[in-house]
Amino acid sequence: MATLEVEALEKRFGGVQAVRGVSFAIRPGEMLALIGPNGAGKSTCFNMLNGQLRPDAGRVRLKGRDITGMAPRRVWRLGVGRTFQITATFGSMTVRENVQMALLSHHRRLMRLWRPVARMDASAADALLARLGMAEQAGRPCGILAYGDLKRVELAIALANDPALLLMDEPTAGMAPQERVGLMALTADIARERGIAVLFTEHDMDVVFSHADRILVLDRGTLIAEGAPAAVRADPRVREVYLGSGNMMSPGQGGH
Amino acid sequence: MRWCGPSGRRADPALLENLVLQALSGLASASSLFLVASGLTVIFGVSRIVNFAHGSLYMLGAYLAWTLVTNLPRGHLGFWGGVLGAALLVGLIGLVVEVLLLRRIYRAPELFQLLATFGVVLIVQDLALLAWGPQDLLGPRAPGLRGSIEILGLRFPLYELFLIGVGPVVLGLLLLLFHRTRWGTLVRAATQDREMVGALGVNQRMLFTSVFFLGSVLAGLGGALQLPRESVNLHMDLSIIAEAFVVVVVGGLGSLSGAALAALLIGELHAFGILVFPKITLVLVFLVMAVVLVVRPHGLLGRPAAAAHGAGAAEPPIGPAPRPLKLAGGAALALALLLPPFAGNYALTVLTDIAIFVLFAASLHLIMGPGGMASFGHAAYFGLGAYGAALAAQWLGASMLGGLVLAPFVAGLFGLLFGWFCVRLSGVYSAMLTLAFAQIAWSVAFQWVELTGGDNGILGVWPDAWAAGKLTYYYLALALCLGSTLLLRRIIHAPFGYALRAQRDSVLRAEAIGIDAFRIRWLGFTLAAAAAGIAGGLFAYGKGSVFPTTMAISRSVDALLMVLLGGVQTLSGPIIGALAFTGLQEQLVRITDLWRLVLGSVIVVLVLFFPQGLAGAARTAWERRHGDT
Ligand SMILES: Nc1ncnc2c1ncn2[C@@H]1O[C@H](COP(=O)(O)OP(=O)(O)OP(=O)(O)O)[C@@H](O)[C@H]1O
Ligand SMILES: [Mg+2]
């Protein structure tokens, strides 16, 4: 069964039709890229998938269960991890504590009043951080991290509840080109290992074409192409959409 | 009481006529209220500063008008010249405050601005006392408007009629100013989006300063025009500021028309409240504010503010206390344990108070620091704890222990109830709602005389025999307060405390990892209320009595001062703040009559030079000396 099935999603902001009739599905372990120019509606799609926004129409099903319009925290409990385009972490906590919070929440231990956090789930958090190459940073406050490192912290947080689906909105923005490819390779490994379905957006086409199993192309709210990387690259409509911005085929661009 | 209808002049009236007059009287009040509130809302709109000192400017307007009018030659010129002159002078004073103080802290966190303006309140209070003395001053009546006219067979003062006209005229002038001049357009633009004005290359400083001048003139005018209506006294500042806040918040922060609408609503509510619910007039206003905020979280005509301005750098993570702090804490504890047997009764009373206020401040800190919420009404829970204990003693014959156990439950239950409303809102609105609930609690204690004894309070709330000695009671208070404070500390280090900080740092992220931000804030609020209740219960038995002042605004402000003085960002902050504040106030009261002046100046200096609070500053200094941690 598909991990996520999306059916005819619609979202309108005032006069702007941000998302129009978007449908797709992701299988476990699959890396699916959602690409499109700025303002195409990618983040809006993400927000409807994890409950940040309620779609005007359409259905979202997670492992067969209808989660349309469910609050983000309930969607998360059903196994959806998420990273944000503009990182959102707890700035007054260390990297380790950020991950611990996700773990504690996952184990439903947030209401505890007595035992210090320092002694709860610390090793599990460290293991996750080590896997993402952040072991050295575990004790540093998130408030002073470099942007690229924050993106990694977000990934660690998103992985903490053993998600079935990972939503990554521009996971490598703010990183050096090599770092980007490295992080996505790592993500792909973890996804395959654990059977996580990954939906990600990305402006760096190198990253997209080297790591996506399949690509969706969104333009002004509408899906205009879908398929394997080679097919999408050859699609004339996709070329046309990207002609203006010119960052389709030239490596190392994108991110903003 | 400021709100007096024409009921005293009634001559066997028919109901309808009386209602009309009552409505007119409400209009006059609304007019006065609008003058003050319009200044406050315009200032807030542009500078985002919640200006506590606005009430002081109003009071200065009244005092200056008194001086000018009584010294100028009698007659129209003397009176009206004096009123306008006072308004302008107040404008200049506002300008000086802006240039010397506020201009330097526009980027500081909201609460620090609040603290700074409160420092100004204290300073002005003592300066006014120095200049005009403690007695109430009566001004002359307005020339040409001394008499009254007959409306529907009833007499109505001419001056009130005049005031009814002033409000709409000022509103009209302000609307013209804001919509027909370039300056006004800029002000409106700045109210909507401050960054944009910066981008337009407008001289922001001049804009802010001129807005502050205008707002101060309005406050001064409002005060000056009260001269023929009521005596001028030193309590005018805080009584008007509470009402002006209500008007501004109900209307929607920054909205001029909203302020007008709300002034009308509140003015009439007062006028008719006296007729319909004479028992709960005081509650009514705050009840309305609470209802408005629950239904419309941004006031009647307010709009959701663009993202709150920079709360400064991210807070450092919490960890085990650094060594010097542990040592200092240990030493303080040793002193607190060993010294009292050698202390006199007075010192024991002070020490008991300090212990109680440490817990009170620590409980507020839980909301403000980790919780990231502001409360202007935390005294409600202190007072509810105190009343809970006292009422149990008086009506149920409860023992002291019974009362002390009951106190946190009473406070906590009300925290649960009030908190449910307060923590849904954000920023200033939420803070104002906490104030509203505190005022409601205060009014009930004040007006429900049968139950609470009203202003006379509840007397004879004495400790059980075993704890009746001052020394024993001190140790009891110390044990309970210290224990509770350490418990709060423990909670902050536990998952729940982390969850509180998590939703403060990023609601988006918190909700995205399954944290129910509302529930966490709500429970945090309740916990803090219960802890304040313990402090309140101990306070009641320590004093042997309870009065409505235990939950007055000034006590809420005390708690705010303690927390902000110590610093919100550190766990030791509230403790140090409570020690510093209580100690300072106690000492100042003893050595000088002008303790407000000194305290106010200290606050202003601290805000300007130690924006992280005392504990924060000490920590920074220590870290600097020992390198980055
Ligand atoms: N909360 C909102 N209110 C109003 N309009 C919005 C809102 N969020 C997005 N939009 C609009 O919807 C459209 C899609 O925006 P979205 O953020 O989804 O694009 P995107 O594909 O993620 O772009 P980018 O690559 O720049 O991140 C844009 O026109 C945007 O202006
Ligand atoms: Mg986006």
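The values are calculated or read from the model by the stated rules, or taken from the named source; none is laboratory data. As the structure is a computational prediction, the values presented were derived from the model and not from experiment. All Cβ positions, even for glycine, are placed from backbone atoms using ideal geometry, and neighbour counts span all protein chains on display. Just so you know, the surface numbers come from the protein's heavy atoms only, side chains and all, with ligands and any DNA or RNA stripped out. Shrake-Rupley method; radii C 1.70, N 1.55, O 1.52, S 1.80 Å.
Here are some notes:
- Matching residues in the range A:15-54 - criterion: being within 16 Å of ligand 2 (Cβ to nearest atom) and at positive phi: A:GLY36, A:GLY39, A:GLY41
- In summary, A:GLY39 fulfils each of the numbered conditions (1) buried (at least 22 other Cβ atoms within 10 Å of the Cβ); (2) within 12 Å of ligand 1 (Cβ to nearest atom) with the single exception of condition (1).
- Selected residue (criterion: surrounded by the fewest Cβ atoms within 10 Å (Cβ to Cβ)) from residues of the range A:116-129 that are of a type in the set (A, V, I, L, M, F, W, C) and within 11 Å of chain B (Cβ to nearest Cβ): A:ALA118
- For the range A:219-231, the condition holds for at least one residue, the condition being that it is within 16 Å of ligand 1 (Cβ to nearest atom), of a type outside the set (Ser, Thr, Tyr) and without any contact (Cβ under 8 Å) to a residue 40 or more places away in the chain.
- Residues in the range A:49-66 that are without any contact (Cβ under 8 Å) to a residue 60 or more places away in the chain, open to solvent by less than 30 Å² (accessible area, probe 1.4 Å) and either more than 16 Å from ligand 1 (Cβ to nearest atom) or more than 14 Å from chain B (Cβ to nearest Cβ) (or both): 3 in all.
- Test result for B:LEU413, in contact (Cβ under 8 Å) with a residue 12 or more places away in the chain, assigned to a helix (DSSP H, G or I) and farther than 30 Å from B:ARG590 by Cα: no
- Selected residue [closer than 14 Å to B:SER38 by Cβ and within 24 Å of the chain's Cα centre (by Cα)] from B:ILE240, B:ILE280: B:ILE240
- Scanning the range B:500-520 for residues that are among the hydrophobic types (A, V, I, L, M, F, W, C) and either without any contact (Cβ under 8 Å) to a residue 24 or more places away in the chain or at the interface with another protein chain (Cβ under 7 Å from one of its Cβ atoms) (or both) returns B:ALA502, B:VAL507, B:LEU508, B:ALA510, B:ALA512, B:ILE513, B:ILE515, B:ALA517.
- Options B:GLY319, B:GLY369; residue that is among the small types (Gly, Ala, Ser), within 20 Å of the chain's Cα centre (by Cα) and closer than 24 Å to B:ALA621 by Cα: B:GLY369
- Among residues of the range A:115-126, those that are in contact with a helix residue (DSSP H, G or I) (Cβ under 9 Å, 6 or more places away or on another chain) and in a helix (DSSP H, G or I), counted: 6
- Residues of the range A:1-36 classified as more than 8 Å from ligand 1 (Cβ to nearest atom), farther than 23 Å from A:ARG77 by Cα and of a type in the set (A, V, I, L, M), total: 5
- Only one of the numbered conditions (1) surrounded by fewer than 23 Cβ atoms within 10 Å (Cβ to Cβ); (2) in the same structural domain as A:ALA173 (by TED's automatic domain parsing); (3) within 16 Å of ligand 2 (Cβ to nearest atom) is violated by A:ILE86, and that is (2).
- Of the residues in the range A:55-69, none is within 16 Å of ligand 2 (Cβ to nearest atom) and either outside the structural domain of A:GLY148 (by TED's automatic domain parsing) or among the aromatic types (Phe, Trp, Tyr) (or both).
- Residues being β-branched (Val, Ile, Thr), more than 12 Å from B:ALA510 (Cα to Cα) and away from ligand 1 (no atom under 16 Å from the Cβ) - total across the range A:67-106: 6
- Flag if A:VAL198 is open to solvent by less than 10 Å² (accessible area, probe 1.4 Å), away from chain B (no Cβ under 14 Å) and either within 16 Å of ligand 2 (Cβ to nearest atom) or charged (D, E, K, R) (or both): no
- Per the conditions (1) touching a Leu at 6+ places or on another chain (Cβ under 7 Å); (2) in a helix (DSSP H, G or I), the sole criterion not satisfied by B:LEU406 is (1).
- Taking the range A:186-218 as the range and being within 16 Å of ligand 1 (Cβ to nearest atom) and not in a strand (DSSP E or B) as the test, the residues that pass are A:GLU202, A:HIS203, A:ASP204, A:MET205, A:VAL207, A:VAL208.
- Helices (runs of 4 or more DSSP H) completely within the range B:517-617 that count 1 or more residues being within 30 Å of B:GLU450 (Cβ to Cβ): B:517-543, B:553-566
- Test: residue in the range B:52-66 that is within 29 Å of the chain's Cα centre (by Cα) and open to solvent by 40 Å² or more (accessible area, probe 1.4 Å): yes
- Residues considered: B:ALA540, B:ALA535. Of these, the only one that is under 23 Å from B:VAL444 (Cα atoms), open to solvent by less than 10 Å² (accessible area, probe 1.4 Å), touching a strand residue (DSSP E or B) at 6+ places or on another chain (Cβ under 6 Å) and not polar (S, T, N, Q) is B:ALA540.
- In the range B:14-65, the residues that are part of a loop (DSSP other than H, G, I, E, B) and in contact with a Ser or Thr (Cβ under 9 Å, 6 or more places away or on another chain): B:ILE49, B:VAL50, B:ASN51, B:PHE52, B:ALA53
- Selected residue [within 8 Å of another protein chain (Cβ to nearest Cβ), touching a Lys or Arg at 6+ places or on another chain (Cβ under 8 Å) and either away from ligand 2 (no atom under 16 Å from the Cβ) or in contact (Cβ under 8 Å) with a residue 40 or more places away in the chain (or both)] from A:LEU166, A:LEU78, A:LEU132, A:LEU113: A:LEU113
- Answer from A:LEU150, A:LEU186 - the residue that is within 14 Å of chain B (Cβ to nearest Cβ), more than 11 Å from the chain's Cα centre (by Cα), modelled with pLDDT under 95 and open to solvent by 10 Å² or more (accessible area, probe 1.4 Å): A:LEU150
- Test: residue in the range A:42-51 that is out of contact with any strand residue (DSSP E or B) (no Cβ under 6 Å at 6 or more places or on another chain), modelled with pLDDT of 95 or more and under 17 Å from B:ILE520 (Cβ atoms): no
- All conditions in (1) hydrophobic (A, V, I, L, M, F, W, C); (2) buried (at least 17 other Cβ atoms within 10 Å of the Cβ); (3) more than 22 Å from B:ALA361 (Cβ to Cβ) hold for B:PHE496, with the sole exception of (3).
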